[in-house]
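Below: one structure, written as structure tokens.
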Amino acid sequence: MAKMILEGNQALAVGAKLCRPKVIASYPITPSTHIPEMLSEFVANGELDADFINVESEHSAISACIGAQATGVRTFTATASQGLALMHEILYVASGMRLPIVMGVANRSLSAPINIWCDHSDTMAERDSGWMQFYSENNQEALDLVIQAYRIAEDERVLLPAMVTIDAYTLTHTFEPVDVPSQKEVDEFLPPYKPVYAILDPERPITQGSFGTPEYFMEFKYSQQKAMERAKEVIDEVFREFEEKFGRKYGKIEPYRTEGADVILVTLGSMSGTGKEVVDQLREEGAKVGLIKVTVFRPFPAEELREAVRRAKVVAVIDRDISLGFSGAVFANVSASLINEEKRPLLANFIVGLGGRDVRPEDFREIVDKSFRILEAGRVEKPVEWINVSGEVP
Amino acid sequence: MEEVRFHGRGGQGAVTAANILATAAFKEGKYVQSFPMFGTERRGAPVAAFVRMSDKPIRVRFQVYEPDIVVVLDPGLLEAVDVGAGLRKDGGILINTEESPEEFSFGEVRVATVDATKIALEHGLGSKAAPIVNTAILGAYAKVSEELNIGKVSLASIVEAVREGAPAKKEENVAATKEAYGRVVL
């Protein structure tokens, strides 16, 4: 294990390299470009034995990964924003074909207006695509989650693709110390890829990506759903094993100072660190507030979440995305998870940080203030509220 | 936790300077974070870069609004950018200029100056039109942080980080760093 100072993009690239993918296909897009840049360098200088395929678009990048993975090798790609949107139709092909591809995503807003900064709209728009989603709080998590994502995705009980995300700039371009495990340690944790199904296996020839008539189609979707459900258990197993080997603990959700908390904030990604700092300050001031970070968004950890908020009075879900016409995506999922509970907390949604608007400590304080006011009033007047926004544009 | 903000122009190496400073502080056992102003960088346009250093792990992920030390790589920026914005009263500002500190006023904030451009050119770093001043200014930073006892990083650690981080002309960069340390006016 060596401590290195890496930016988020580099942490993702180094994590991917340690997993020894055989094929990498990627198209550059801000702010994820450094990922394929670094990986192509590893391939060029002989540090990584892989084919790096230069493609003409993200649509082709994911298609090349599908083709390669179907022949029976481990693959990797990375993208962001419009690039992920361009992959959209092919993402469903990857998951439908049950190919455990792992992809790094730099979370960036979607146009228009054109904007290269952070929010979670790009990956939230793909939440129904059959890909598992892991959100990183920092660069260490980015590296660790890539390694764990391969183990989970390739597990015979799962066989689903996975995205590991890092927030644009706040992680992609931020340098900080990262523990980089040795190749030997990662090899012990992640054995060489043994495909369960591969089209180039002459012993067991199969057809992939074929026609699915109404007689069969639903069974395929049902199987994907069952795989997502089984993934929850596999994720726990892999997280446990990772902790034993590397000493860093992961959970599908990470509750922070939630014991005895009246108000619990729910966060995703890099804002969680700022949120924890504010929780510490507020606890010192006597406010009973805690935080839950959602690391795994697909499959959605509804059971753990229900348990973690059982004693809370108000749950404030902070979304860095908006499903226009309704609410943030995380809020919708958290609310649905609690719907059949006899006793459930009041639920409020706060929209923050779209298109790179900074998510500051005072934003968290404002959200906590509003949450305590909801607690006093005993009801939620405005279920979806935008923070640090000046109003409509003319 | 201590926070530093660098102001430069695209291509001058402000982002590299921030990374080298963070690496140097890391070598001294600090937790560090360094990042550019979250924006699109163009050659010549004003840019900023930030460093956080702390004895404890750094969890926060927002921009630096109240820096302890500000470093200005290009004196021409003083008219274009509010380089003193949010600067802490007990902090300091280090400016690359041939003028002396008395020529500047930032309220109670201590001002230090160094002619990093001249030092860089003397060591063959960049051209007259585009001098590369980031390694020289880091030597000056070591001195300023020592004098003010804020955001302290030793010259030895900075030199080590410059040697590792300079993409070319390593020894010339190291020499410029060391020389600037001795030529700061405070």
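The slack between residue A:339 and residue A:249, meaning 0.36 nm per residue of separation minus the straight C-alpha distance, is 29.4 nm.
If R0 is taken as 56 Å, the Cβ-Cβ distance between residue A:218 and residue B:85 corresponds to a FRET efficiency of 0.40. Cross-link check: pairs B:27/B:89; A:313/A:370; B:118/B:152; B:27/B:152; A:276/B:56 evaluated at a Cα-Cα cut-off of 18 Å; pairs beyond the cut-off: B:27/B:89; B:118/B:152. Ordering B:14-23, A:330-339 by mean Cβ neighbour count within 10 Å, with the highest value first, yields B:14-23, A:330-339. Sorted fewest first by neighbouring Cβ atoms within 10 angstrom, A:19, A:65 come out as A:19, A:65. Residues whose amide H falls under 5 Å from that of residue A:6, counting only those 5 or more places apart or on a different chain, are A:176, A:178, with hydrogens built in the peptide plane. Computed 3J(HN,Hα) for segment A:196-204, one whole-Hz value per residue from the Karplus formula 6.51 cos²θ - 1.76 cosθ + 1.60 where θ = phi - 60°, is 6, 10, 8, 5, 9, 9, x, 6, 9, glycine and proline marked x.
Whole-Hz Karplus values for segment B:140-154 come out as 5, 4, 4, 5, 4, 5, 5, 5, 7, 6, 9, x, 5, 9, 6 Hz, taken residue by residue from phi with 6.51 cos²θ - 1.76 cosθ + 1.60 and θ = phi - 60°; glycine and proline positions read x.
Figure legend: label point modelled 7 angstrom from the Cα of residue A:225 along Cα→Cβ; no residues of segment A:160-183 have amide N under 11 Å from it. Dipole orientation for segment B:2-182: of the candidates B:141, B:70, B:57, B:57 has the Cα lying most toward the positive pole (charges on Cβ; Lys, Arg +1; Asp, Glu -1). Taking every residue in B:31-37 and counting other chain Cβ atoms within 10 Å of its Cβ, the average works out to 5.
Between A:272, A:32, A:182, where does the largest GNM mean-square fluctuation fall for chain A, given springs only between Cα atoms within less than 10 Å? Greatest mean-square fluctuation among the candidates belongs to A:182. You can think of it this way: the chain between residue B:78 and residue B:168 has 29.5 nm of extra reach, that is 0.36 nm per residue less the Cα-Cα gap.
None of the figures in this text is laboratory data; all of them are computed from the coordinates on show. Remember, it's a predicted structure, so these values are computed and weren't measured experimentally. Methodologically, a virtual Cβ is constructed for each residue, glycine included, from the backbone with ideal geometry; neighbour enumeration extends over all protein chains shown.
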